[in-house]
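Worksheet for the structure shown next.
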Amino acid sequence: MRALKAATLRHATAMVAAVLVCTSLTQAQTAAQTAQGSVPIGAETRRLLTLDAKPIALGGALKTPQYWQAYKARFITNTGRVIDTANDLISHSEGQGYAMLLAVAANDRPAFDRIWGWTRANLMVRDDQLMAWRWSPNHRPGVSDMNNASDGDILVAWALTEAGELWADVAYRVAARRIAVEVGRKLILFKTKQGALLLPAVTGFAAGERADGPVLNLSYYVFPAFARLSLVAPELDWNGLIQSGLDLLKSARFGPQNLPTEWISFRENEIRPADGFPAQFSYNSIRIPLYMAWAGVGEWDNYAPFYAWVNRKRGAISAVEVSSGRDTETLSEAGYSSIGALVMCTLDQTAIPASLRAPRDADNYYPATLHLMALLAVQMRYGSCLRN
Amino acid sequence: MPQKLTARRLLLSISAAALFSAHAALAQQGTFIIEGMTPSQPPARETAPPRAAPAPSLDRPPSPLSALELSKRPVSPLQPAPAPGATGLVLGGGSGIGSAASLGLQLAPGEGPDDSALRYYASLNQTNRVQTEIRRLQRLYPGWEVPNDLYNQAKAGGEDEQALWDLFAADQLDDLRAAIDQRIRAEPGWQPSAELTQKLARKTVRNKVMSLYGTGKLQDLLDYIKKDGFNAEDADIDVLWAVAETFAKTRQTQDAVQIYKSILTLNRESDVRIATIQKAMASMRMNDVEPLIAMGAVSADGKSEFAAIQTDITRARISAFLHDERPTEIPAPELKAFEDYARGASDPDQAGLVAWYYYKTKVFREALEWFKLALERGGDAMIAHGLAHSLRELGMYRETEEVAYAWRQPLINNAILFIDILERDLTKEIPPYIEPERLFRYAQVTKDLASGEGAQGLAWYAYNSCQYDVAYEWFQRAAAWLPKEATVYGLALSARKAKRSREFIELVNRYDGLFPKVVGLLFPDRTVRPPAACDLLTASPKQRQQMMSAYYAAQNGYQQQPQLPSQSGRPANGLRPTIGLPRQAYGGPQSYQQNYQTSAPQAPYTPWAMRPEPMPKLNPNEFPIAMNPENPLRFASTGKLLGKPMPIAANGTVTLTQMAPEYYRGPQPLVAQRVPGVGPMPYERYGFTLLAGWNGTTSASDPHNAETAPAGTLWATEQAADARSTGGVSRGAGADAMRQDPEAAAAALGQLPRVPPPNAAMGNAMQFMQMPAPTQQQGPGPGRQSRLRFDHSPVSTIETTSVAMSSPNASSPTAQTLSLLAFLKPKQLLDTEPLPSAPSRAPLAKATDDLGREAAGRYNDQQYQAALDVLDRRAETMPEPIDLRLIRGWALIKLGRDGDARQVFGSLDSKQPLASREFTTPAIIDEGSP
């Protein structure tokens, strides 16, 4: 089961009360400190990558619409709600955003309108342009947290931007701009020594709210979105955000595997696993290589730890306790493995295995979503990996 | 305030334009003839690569000292020969060249001058430089003669190298290396000449660097030069520029700066130096370029050697300022020079740049003028956007609305501004008169954009002018598109007023636990409110009298009581009126009653708290009832296309295909759970509480603290600025007076136009139309719109607008906008007025308040901006007396903001202080009476 991705998106005080405590933080910190020097990254020699970061329109990019139809019939209700089947059937802004992206990619405007209609009618309950991140069908009220999740907001804004491009509808563009500008206004710290930092949420992660704040989640850096959001909010330095994200990734390496933890403290240039969270590379972080590859950004140094992570068990995906480098859990559903296949495709031009070229019916919402997005990324940028 | 950010888009494009200009300027200089590039003595062994930029010398002249060092150094084959002076990148402040002219130095007997540089040039066959060096040495050492063997050394290696040189000249370096290897093997002891070795090594490096640079492989380039021990001193100017740019683009700024500095140190050619500055501006932030500019020589008359590109420099400085990369404003003379240039330039972006500069420095009147000029020059929708924002900052909201509307199609920023600027008036508690045509077109754009902001604006306007059915329809759309608390609250109010009790009940139950204000409609507090103007409007004279009498009686009774909880249900002082009550989840109306009847407060802190409010009677069929939590409202936009759909869109899905059923079928709970970020529910006053939240939280959030702006965000900066500014929402002209007199308010409301229902706003949005003179236009009251008047605009802007918009010639957005701004007189008139001189110390302020004294103190401490900030803060709450206004004007003069100062001194007789800034999102409107 996927640990609830945003389970830690709660107020800082609540987080302290939570039972999630890093068992060996000291080790992780030590590893972090050494990681900031010259880092031996895996056994692989440094390579020169020739990735192409040219922004690509998402509209109509999905070449296998039958996968989308199956996904839609399983995970999206008639009213446009995206169901997290592994998490008590809840919905979240992130899932709505993924589904909107896939609908644009599948050129499915009726479905897109359903999903966006549900999203705004049910999650845009805050007094700003951001979304409440969590919604539950069996509670009163449906919204169960007023805080936002930055990646959900970014995904929705990106999907609306792509919809505005594909269908040339001004209403989508206006909505995209309002969200994107609000993200830039409320969630990005543009003038830090480390470059632009993206807060995971409005509440609970900033310097004034946690002793180790600001705390970041690098998997919230949706790299392929940033290059496209400049279409609707060009005044914001999205490229700077991409660059700072890549830079942070080079610094945020802990333990023997040099992997980032899910939640990282960036307080005053000391980069270390954030307090009160399991110091793991897990369900959140596995999206980092997905987003980099999908955007065509990053150098070898950015990918090296993920490459080693994938290669270590020949494509089998695990969550890792960073301090020890030990696996804590095998992520067995096929959708997770698709991330590994994408990494190998991106770096080695390895063909996507036949078993991973279509999503599996047995997968839950999250791995199924990752799978579709990984395939979409391959179709958009690494088509040669799909040739036999 | 998303609008606050919008200005930056142009800034980026302007920045890009600045860079483009720099490149264009470079391209124009491509015809320069550079010393050292003339063909050398035969054979023509250097092949000049194609270049777009000025092609300067391939070798910089060595200083005599460094040339001496060269002579001591062994030159290893196949390594780039260390050039004279290769002791590091920075060789000092450019004093090495030509600084010893005509010194007439004496040589000791037997001693010769240092001719190593001369021999170096000769070895390279650089005859021009040889001649220059000869002249230099002859000036230094009169009588010295050119050595006879000058070129002999260069020829070492023999005439039989010609075939190798041919390969070199043909750029066949691989073949050349192979030929050398072959000959070494064939002729043991043979070595290529030092010149050939040196030039081969240099050209190899050069080709590799330029190839990687040309293909954009910057990281590879860096790796190469690090690995191969790149010697910057031995590189030609193209390579140096390429490497510097590579460093800059890979954010190794200090390395880039060092290379640029070395070029400026070692090169005297004017065009190379200028091009270096231009290249540096194109690849680095201006802060990093400024030290390079400072290296420029200044002539006796004070003219910089970079004067030829001063416009580019100022442009880059302005751009840096706009991007917050430069903290200080542009010096007035420099800005003036750029203004002169921009005024004469046909390119609208130049005037636009000046406009954005003034906008950024909050000199909005100047900004407006420059935006207008840019528009006249063909400026685009972003220029119009800046113009609209300048109007807004000047309090000319009506004109802002027109400009934003005219430019809404090309740029969504303008569409958003159009929605937001009128929303401000629409949501006023006492709505101002808005012409039906304006309401109609606003409704149309709202539907086109599916704008929740616009829909709730129209809804509130309708609601506050007693049009409940129309309000309900617009609130439905607003709640589908942006269901924030104020909107759902409005929907619930209008549903109740429109007798849609089922919808009302559903709303209260659906948002139980999330929106205290909505739930509060079933749990009213005891605040005494005047009768709603709309109720008075429809009442008979007798009923009206009764209503007013009852209100006054209740008000008197209220005033005799101690303080009651505030309207929001949050008790003052943090005290809970239900202290001592067992807190439990409610299970229905019965438990409410039981709880109330059986629980007596035990430890009251204040007398009022001893008597809990009477529990309102609830209908068990109304609250709480099980409710599907999903908001079912959906409305499509009538979205107009903006541009063309992508071609692939035509192949898309057109009908809805299968989707999943809702997995969760119930049951739905009756008890709400805590939502982090939400304050207490009104019924908690009676001792009830909620279930724990999803994350275990059991207590209500303090909604006032829940959303503190995270440190470091723009939002936090805005909040700080807002705290210094108005800090609230303009209630509209005369609103306070109207609230004191409900009957007058009712009479005014009766005159307001009908809001078009959503279905009426169909078809194409209406274009500009003539506005009838408003019958109930509220006079200029204390609203901020009226605070700033243009000195040369005797007529009110509204009247001007009306005339301008009826102009038959106003067709294009540009024509419409310029027609609208016809009242703006040329600024030159203002400029002719002399400004008073600002004293170094302000006379003792007459103001007795702290802020007034603080402002004077700041002025006397020469903290002029701080003085202005204090004055702004003070002006939010009290009028500004003339002595403080003088301080304001003097501070502006001290800051070089003459335009602003003129406005201050020109309005000393005005009763209002100058508006500084105001544009806040509309507040939640409190209902007059539930």
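Report, as an integer, the average count of C-beta atoms from other chains found within 10 Å of each Cβ along B:474-480.
Mean shielding by partner chains, rounded to a whole number: 1.
Would you mind working out the magnitude of the charge dipole of region B:838-906 relative to its Cα centre, with +1 at each Lys and Arg C-beta and -1 at each Asp and Glu C-beta, to the nearest 20 Debye?
Here the size comes out at about 220 debye.
Between region B:261-323 and region A:355-374, how far is it from one alpha carbon centroid to the other, in angstrom?
56
Place a point 7 Å from Cα of A:Ser384 in the direction of its Cβ. Which residues in region B:191-222 have their backbone N less than 16 Å from it?
Hits in region B:191-222 for A:Ser384 at 16 Å: none.
Can you sort B:Leu851, B:Leu821, B:Leu264 by how many other beta carbons sit within 10 Å, fewest first?
The order, fewest Cβ neighbours first, is B:Leu851, B:Leu264, B:Leu821.
What net charge is computed for the residues neighbouring B:Leu536, neighbours being all others with C-beta under 10 Å from the C-beta of B:Leu536, Lys and Arg scored +1, Asp and Glu -1?
-1
Name all residues of region A:72-94 having a backbone nitrogen under 16 Å from the label point set 7 Å from the Cα of B:Arg665 along its Cα→Cβ direction, giving them as ranges.
Within reach of a label on B:Arg665, which here means backbone N under 16 Å from a point 7 Å along Cα→Cβ, region A:72-94 contributes A:78.
Once R0 is set to 51 Å, what does the formula 1/(1 + (r/R0)^6) return for the Cβ-Cβ distance between B:Asp702 and A:Ala358, expressed as a FRET efficiency to the nearest 0.05?
0.55
Dipole size in debye (nearest 20) for region A:272-384 around its Cα centre, Lys and Arg Cβ +1, Asp and Glu Cβ -1? Present the calculation step by step, with values, prior to reporting the outcome.
Working: 9 positive and 10 negative charges, 40 e Å.
About 180 debye.
Using the Karplus equation 6.51 cos²θ - 1.76 cosθ + 1.60 (θ = phi - 60°), what ³J(HN,Hα) coupling, rounded to whole Hz, does each residue of region A:243-257 give in order, writing x for Gly and Pro?
5, 5, x, 5, 5, 4, 4, 6, 8, 8, 10, 10, x, x, 9
Report, in debye and to the nearest 20, how large the dipole of chain A comes out about its Cα centre when Lys and Arg carry +1 and Asp and Glu carry -1 on their Cβ.
Result for chain A is approximately 460 debye, rounded to the nearest 20.
In the structure shown, do any of B:Lys217/B:Lys249; B:Lys497/B:Lys517; B:Lys226/B:Lys249; A:Lys54/B:Lys227 have a Cα-Cα gap over 18 Å, and if so which? Write down the numbers at each step before the final one.
Working: B:Lys217/B:Lys249 11 Å; B:Lys497/B:Lys517 16 Å; B:Lys226/B:Lys249 16 Å; A:Lys54/B:Lys227 29 Å.
Result: A:Lys54/B:Lys227 exceed 18 Å.
Stick to Cα atoms and the Kirkwood definition of Rh, then tell me Rg/Rh for region B:647-714.
1.26
What does the structure give for A:77-84 when I average, per residue, the other chain Cβ atoms found within 10 Å of the residue Cβ?
On the way: counts 7, 6, 8, 3, 6, 1, 4, 0.
Mean number of neighbouring Cβ atoms from other chains: 4.
Considering every residue in A:124-133, what mean count of other chain Cβ atoms within 10 Å of its Cβ is obtained?
Details: counts 8, 13, 6, 8, 6, 5, 0, 0, 5, 0.
Rounded to a whole number, the mean comes out at 5.
How do B:Glu187, B:Glu399, B:Glu662 line up, fewest other C-beta atoms within 10 Å first?
With the fewest neighbours first, B:Glu187, B:Glu399, B:Glu662 line up as B:Glu187, B:Glu662, B:Glu399.
Bear in mind these aren't lab numbers, they're just calculated from the coordinates by the rules spelled out. Quick caveat, the model's predicted, so the values are computed rather than measured. Neighbour counts are summed over all protein chains in view; Cβ atoms, including those assigned to glycine, are modelled from backbone coordinates with ideal geometry.
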